[in-house]
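The values are calculated or read from the model by the stated rules, or taken from the named source; none is laboratory data. These numbers were taken from a predicted model, which means no experiment stands behind them. Quick reminder, even Gly has a Cβ in these numbers, built from the backbone with ideal geometry, and neighbours come from all protein chains shown.
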Amino acid sequence: MPESKRRITIADLKSMHWVSDPRISPDGERVAYVVKQVDPKDDKKYVSRIWLTGCDEGKPVQLTAGPKLDSNPRWSPDGQQLAFTSNREEKNQIWLLPLAGGEAQQLTKQKVGAGAPIWSPDGTKIAYVARVSPNTDIDDKDASDVKVITRLHYKSNGVGFLGDRYAQIFVVDVATGEEKQITSGNYDCSSPTWSPCGTKLAFSSNRTAEPDYNNQSDIWVVNADGGELSKVTPGDGPCVSPSWSPCGQYLAYLGHNNEYKGATLARIMVVPATGGEPVNLTADFDRTPGNACGSDMVTSVDPGLIWSADSKCLYFLASDGPRTKIYRVANNPGATVEQISCEREQVVYGLSLAAGNNRLALAITDPVKIGDIFCLDLGSQPKRLTAHNASLLAELELTTPERFTCESDGMTVEGWVMKPVGYQPGVKYPAVLEIHGGPHVAYGHAFMHEFHLLCAAGYAVIFTNPPGSQAYGQEFVIQTHHDWGGKDYRGIMAAVDHVSQYDFIDSERLAVTGGSYGGYMTNWIIGHDQRFKAAVTQRSTSSRYSMFGTSDVGFMNGQFEFMDNPWDNPEAYLERSPLTYVNNMHTPLLILHSEEDLRCPIEQGEQLYTALKWLRREVVFVRFPNENHELSRSGQPRHRAERLEHMVNWFKKYAPTRAEEYSM
């Protein structure tokens, strides 16, 4: 390793800057964005600030300061102000910052906090979403803390217990601060979008008779001052992320007809704003809009569907294998989806378009760059505007993933291997298999601190997108149907078999880890294969039977992923539960789980730990208080560091590295 370089460390978390949410000004000259970092004064917290940079000249400048979280910058239509959210007053509220100079002023005063601001076309009003209750006494400090549950969907990971709160749409007057609730009822509303004339709002909402029992939603339209709702979609499946065309005639949205329930690829649909028959613009595009490529470093803000100024086409992001790219489709039935960005090994995780301009602002990451802001003039190459992690990255010796493919069950599985830092030809090294969550997400060309840390600790890292992963088409996604632990497991193990033949992989020192569904698969693997010397299961699921009733979304899995309800088909649920195979588990196992995880509740880790401990197997259970399912990505910095320490130490103990194998 060159003397000027060093290995990445856990402590480097404190020096990292996470850049996200690029928002280009209406004139296309400037980009506002968010920079998040560990609070230098308190390693239990983060701070985030709004920054501004020019597209053609000038250095980035910091617009906001303080020990709080400023986010969601949104330009006023005239480009003179930025609205953003901040928890400066404990709860997130919308603030206004004049670009000509002056302090930010608080606009909203919601008891429960306000969501991201959406400006009206004339700049006089801002719409937002807030989760509120019809019970005005719900915030009374003297009210009982006893929870009375009456709903099926009564909790949500990262939110907590929902009670009788529902997400409703509000509009606030920018001049007076007067706030008005526009929607009501026991239904959640999301993604409000203004009509070009500024008199109406479209939004997504499941207003069926029993919304907790299905994933159906529709696009609705309401007057901007409230009143009767008008449904504009036919109600055959989920309809989300509406976007009103500048000409006012159309509403674009993402939707499908539930052909494969939650595993169905969403399509870009366009419907007349007054209602009618939707047109599917991407019927022949075998990818789903959005960024499916995960990372422990990137905060991806979904840009949704962005209309061109002339209403002739729509811009969007989509993951194609390990790359997330920019695409464009004309507002015509049968139009061909056009790729805008080039075939680089990168993930675009943020996007905005200047009004009336052929210029885009992007957030881009790749395997050796944490993420920065770029500007793209259509027809040219992206221009980098920021370099917030340049000094840190210049110090580090990082490994670039090497692609491979293998065959499994008649399908091609794509994967990557990263050599350890200090690699010497002719030497065999221990390796860690990493398994992504979902199952319907994907690994991509994004920076992964955990992977680089393992390489720095002397391990090769293997990762793959097995059957069930997003970004490879509808047929590939649905391979987990009634078959968790089947074709997905065989695809993963085919990748391990393939890489084990490499001359630098020591097949006698293999380890495995994964989170969420990746934790499920880690548990499944060690119950079915004895080759791994160490395993770390994170935010996992071990009993699919109890998962149905304890997870915030588990009861929906019986509609496609698993067969029927568990009490109607207990054999199928037990057969696909890793806990069933606990007698076969001899691999030393570290269980990492968050105590407030409502997606994969901690009882899933408890059951597995107790069973293994009862059998006197080598197992350790590490519980993280005040953390949820997002620990590895947005948990308290100190806890994120402790999680990585436990993981590396476990691998060092049971699949050890040897100092003499590495160049220093």
> Can you tell me which residue in region 250-302 is nearest to V441 (Cα to Cα), limited to those that are more than 25 Å from the chain's Cα centre (by Cα) and of a type in the set (S, T, Y)?
Replying inline: Y250
>> Against the conditions (1) within 20 Å of E645 (Cβ to Cβ); (2) in contact (Cβ under 8 Å) with a residue 24 or more places away in the chain, where does H586 fall short? Just the number, please.
In response: (1)
> Of everything in region 95-136 that's among the polar types (S, T, N, Q) and in contact with a Gly (Cβ under 7 Å, 6 or more places away or on another chain), which residue is surrounded by the most Cβ atoms within 10 Å (Cβ to Cβ)?
Replying inline: S120
> Can we say Y213 is over 24 Å from P117 (Cα atoms), modelled with pLDDT of 95 or more, aromatic (F, W, Y) and out of contact with any Gly (no Cβ under 6 Å at 6 or more places or on another chain)?
Replying inline: yes
> Do you know which residues across region 263-290 are in contact with a helix residue (DSSP H, G or I) (Cβ under 8 Å, 6 or more places away or on another chain) and of a type outside the set (D, E, K, R)?
Replying inline: A263, T264, L265
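Residues Y502, Y489, Y520: which one is closer than 22 Å to R403 by Cα, under 29 Å from the mean Cα position of the chain (by Cα) and touching a residue at least 24 places away in the same chain (Cβ under 8 Å)? Give the derivation first.
Details: Y502 fails: under 29 Å from the mean Cα position of the chain (by Cα); Y520 fails: closer than 22 Å to R403 by Cα.
Going through Y502, Y489, Y520 in turn, just one is closer than 22 Å to R403 by Cα, under 29 Å from the mean Cα position of the chain (by Cα) and touching a residue at least 24 places away in the same chain (Cβ under 8 Å): Y489.
In this structure, does T85 turn out to be touching a residue at least 40 places away in the same chain (Cβ under 8 Å), within 20 Å of P117 (Cβ to Cβ) and among the polar types (S, T, N, Q)? Explain how you work it out, then say what you get.
On the way: touching a residue at least 40 places away in the same chain (Cβ under 8 Å): no; within 20 Å of P117 (Cβ to Cβ): yes; among the polar types (S, T, N, Q): yes.
When the stated conditions are applied, T85 does not pass them.
Name every residue in region 11-53 that is small (G, A, S) and touching a residue at least 40 places away in the same chain (Cβ under 8 Å), in order of residue number.
Looking only at region 11-53, we keep the residues that are small (G, A, S), and these are 11, 15, 20, 25, 28, 32, 48.
A11, S15, S20, S25, G28, A32 - these are the residues of region 11-53 that are small (G, A, S) and touching a residue at least 40 places away in the same chain (Cβ under 8 Å).
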> Got at least one residue in region 550-566 being surrounded by 24 or more Cβ atoms within 10 Å (Cβ to Cβ), in contact (Cβ under 8 Å) with a residue 12 or more places away in the chain, under 30 Å from the mean Cα position of the chain (by Cα) and part of a helix (DSSP H, G or I)?
Replying inline: no
> Considering region 18-35 alone, what residues qualify as being in a loop (DSSP other than H, G, I, E, B) and buried (at least 20 other Cβ atoms within 10 Å of the Cβ)?
Replying inline: S25, G28
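Please go through region 452-475 and pick out each residue that is among the aliphatic types (A, V, I, L, M) and under 19 Å from the mean Cα position of the chain (by Cα). Full working, then the answer.
Of all residues in region 452-475, those among the aliphatic types (A, V, I, L, M) come to 453-454, 456-457, 460-462, 471.
The answer is A471, and nothing else.
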> Hey, among the residues in region 407-422 that are over 18 Å from F504 (Cα atoms) and touching a helix residue (DSSP H, G or I) at 6+ places or on another chain (Cβ under 8 Å), which one's surrounded by the fewest Cβ atoms within 10 Å (Cβ to Cβ)?
Replying inline: E407
>> Filter region 195-246 down to the residues that are closer than 23 Å to I126 by Cα and of a type in the set (F, W, Y) and list them by number.
In response: F203, W220, W244
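Listed residues G58, G66; which is free of Cβ contacts under 8 Å to residues at least 12 places away in the same chain and either surrounded by 13 or more Cβ atoms within 10 Å (Cβ to Cβ) or in a loop (DSSP other than H, G, I, E, B) (or both)? Lay out the reasoning, then the answer.
Working: G66 fails: free of Cβ contacts under 8 Å to residues at least 12 places away in the same chain.
After applying the criteria, what remains is G58.
To keep it simple, each residue is scored yes or no on (1) of a type outside the set (D, E, K, R); (2) modelled with pLDDT of 95 or more.
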residue	(1), (2)
S542	yes, yes
N557	yes, no
P566	yes, yes
T587	yes, yes
E595	no, yes
> Restricting attention to region 488-496, does a residue exist that is out of contact with any His (no Cβ under 7 Å at 6 or more places or on another chain) and either part of a strand (DSSP E or B) or outside the structural domain of V413 (by TED's automatic domain parsing) (or both)?
Replying inline: no
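Look through region 138-192, keep the residues that are outside any loop (DSSP other than H, G, I, E, B) and of a type in the set (G, A, S), and return whichever of them is nearest to the chain's Cα centre (by Cα).
If we filter region 138-192 for residues that are outside any loop (DSSP other than H, G, I, E, B), which is where we start, we get 155-156, 160-161, 166-173, 179-181, 189-192.
Now restrict to residues that are of a type in the set (G, A, S): 156, 160, 167, 190-191.
On the way: S156: 15, G160: 18, A167: 20, S190: 17, S191: 17 Å.
In this case the residue turns out to be S156.
Of all strands (runs of 3 or more DSSP E) completely enclosed by region 293-412, which ones contain at least 2 residues that are at pLDDT 95 or above and in the same structural domain as G437 (by TED's automatic domain parsing)? Working first, answer last.
Numbers: elements: 313-320, 323-330, 347-353, 359-366, 369-377, 402-408.
Strands (runs of 3 or more DSSP E) meeting the threshold: 402-408.
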> Within region 464-486, which residues are in contact with a helix residue (DSSP H, G or I) (Cβ under 7 Å, 6 or more places away or on another chain) and either free of Cβ contacts under 8 Å to residues at least 24 places away in the same chain or not in a loop (DSSP other than H, G, I, E, B) (or both)?
Replying inline: T464, V477, I478, Q479, T480
